[in-house]
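Below is one structure; the comments refer to it alone.
Quick note: the coordinates plus some simple rules give every number you see, no bench work behind them. Worth saying up front: this structure is predicted, and the values here are computed from it rather than measured. Ideal geometry is used to build each Cβ from the backbone, glycine not excepted, and the neighbour counts take in all protein chains shown.
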Amino acid sequence: MPDRDYDVVVIGAGPAGLAAACRAAECGRRVALLDDNPHPGGQIWRNLSGKPPKQAARWLAAAERHAVELIPGARVFDVPEPGRIAVEMFDAECRLGYRCLILATGARERFLPFPGWTLPNVVGAGGLQALAKSGLPVAGKRVVIAGSGPLLLAVARYLRTHGADVRLVAEQAPPSALLRFGLQLALRPAKLLQALALFGTRYLTSCWPVSAQGNERLESVTLRRAAHTWTEPCDYLACGFGLIPNLELAELLGCRTGEGGVHVDDYQMTSVESVYCAGEATGIGGLEPSIVEGEIAGYAAAGNLRRAQLRFPARQPHRRFAAALDTAFALRDELRRLPRPGTLVCRCEDVTIERVRACATWREARLHTRCGMGPCQGRVCGGAVEFLLGWQTESVRPPVFPARIGSIAPAPGPAGHVSDRKRPVSR
Amino acid sequence: MPDSLTLSVNGSPITVPAGATVSAAIALAGVTLYRRSVTGEPRAPLCGMGICFECSVTIDGRAHCRSCQVLCQPGMEVRTDA
């Protein structure tokens, strides 16, 4: 693919990115919309048939109408110079220039290690949903859903409607916190209905997995609730402990981050001029705020501040919801004791909890044990040690995704330059 | 566009719905081990969205491809670790 230049490049084609790209293009800007996934829509609008839900279809139609250039299957692995990103596809690579960059990189699940969590068929909660939406057969499969957050309910509902035998949903949060959260839900009817539709599936609060068992793949999960411990046979354990924003690119660019996301101003601009951020990467809030933030970022990046301002009021109510979410689903201390001696924390380099605990910092663990140094570059174990050990795990270097030598080679500078460079990370 | 297509997983033909990812094709082929870890443990997809690299397989001779992010194509040859 040839190198090109755009007025606005949007990274991430989920709800925030789609909305941002559409609004910028509607103002007459030349816009590229990139996504690592094979289809636009992000995780929430991901589906097999390519026939998107209504709301997604409207944004996709708008993107086409306004000539947004959609580039799926593209991962951004470096920012070799200001105003230029390096991109790799399955069988191509290129450099794209931008005047304004909008980061809509979304969120990933937080995984916590426990004995057996590396067995095949122990997957993320959102992970199993994503796989099912991509064609993985779940009909008739016995599934235990565990972890924390409203995503568990959405996943349970999705899997049930696709024929899975959802044995139970284990939510680690206590019922008192959920009750308070439920009162907030009452203000949001769509979400309440989603919760009610789950009626019929066992939903256990103050309950969490302590181990998974199986020979070469999952056969059962052991759960704990108060003093009671029991084992449930299952085909899949779908387990995720909330969401964490994808901050790698923002940090590579030197954007200020902290308190759960990228810092932005009223126009969704980051601490770096001409770089905007919208959606879950600014803090976990869900679908509606992501769209509004995307619209504001898109208008602002296109220089149309007046239209951006008109969307400010729509953004406000959602922020309360995000705060309520954090409080209700705070992770309990007991989860810090889930890893046993020998439990792996880093799945890429097979590093055990005791080797990581012997280190004082994330940096030391990386240097001495290779924890977080494998292909995922700490995207999985980073979220775990952040919770388990209270470490700050940012240490982003290009390439932020493993990239082919052929993709990295065109970068300017002497040999070895790319891998030796360290970017400023402000917090 | 046809509703389904055929590719091979570890040398065996498997027919999948159009739009399915290679991760799904491997599961449909009844294979639960996608790769072996550096110490030889069996691994399979964790995140389902391109983050964790646990679903890495060889596709058309290209090693370390995240099978969850690649759509199946007719005649594609997929190999997992054994």
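Points worth noting:
- Distance in nm between pseudo-label sites at residue A:326 and residue B:39 (7 Å out along the Cβ direction from Cα): 3.6
- Estimated inter-spin distance, residue B:18 and residue A:333, nm [label 7 Å along Cα→Cβ]: 5.7
- Fewest-first ranking of A:108, A:397, using other Cβ atoms within 10 Å as the exposure measure: A:397, A:108
- By the count of other C-beta atoms within 10 Å, a proxy for reagent exposure, A:350, A:266, B:60 are ordered fewest to most as A:266, B:60, A:350.
- Whether segment A:111-241 is rounded, prolate or oblate, judged on the alpha carbon gyration tensor where a/c under 1.5 counts as rounded: oblate
- According to the calculation over all Cα-Cα pairs in the protein assembly as shown, the P(r) per 20 Å bin from zero is 23, 60, 17, 0 %.
- On Cα atoms only, tilt of A:151-161 relative to the major axis of chain A in degrees: 80
- Among the residues of B:61-69, the average count of other protein chain beta-carbon atoms within 10 Å of the residue beta-carbon is 3.
- Neighbour counts of other Cβ atoms within 10 Å put A:128, A:204, A:218 in the fewest-to-most order A:204, A:218, A:128.
- Considering only A:154, A:389, A:24, the residue lying farthest towards the positive end of the dipole of chain A is A:154, judged by Cα position with unit charges set on Cβ.
- Residues in segment B:1-37 reached by a label modelled at residue A:47 [backbone nitrogen below 16 Å; 7 Å Cα→Cβ]: B:18-20
- Length added when fully stretched, residue A:409-residue A:312, from 0.36 nm per residue minus Cα-Cα: 30.6 nm
- You can think of it this way: the chain between residue A:205 and residue A:5 has 66.9 nm of extra reach, that is 0.36 nm per residue less the Cα-Cα gap.
- Taken about its Cα centre, segment A:111-241 carries a charge dipole of roughly 400 debye when the Cβ of each Lys and Arg holds +1 and the Cβ of each Asp and Glu holds -1.
- Cleavage-rule hits (GluC sites (Glu not before Pro)) in segment A:255-292: DSSP loop, at most 10 neighbouring Cβ within 10 angstrom: A:259, A:273
- Cβ-placed point charges (K, R +1; D, E -1), dipole of the protein assembly as shown about Cα centre in debye, nearest 20: 920
- GNM flexibility winner over chain A from A:367, A:331, A:243 (Cα, springs under 10 Å): A:367
- Inter-site label distance for residue A:265 and residue B:79 at 7 Å from Cα along Cβ, in nm: 5.5
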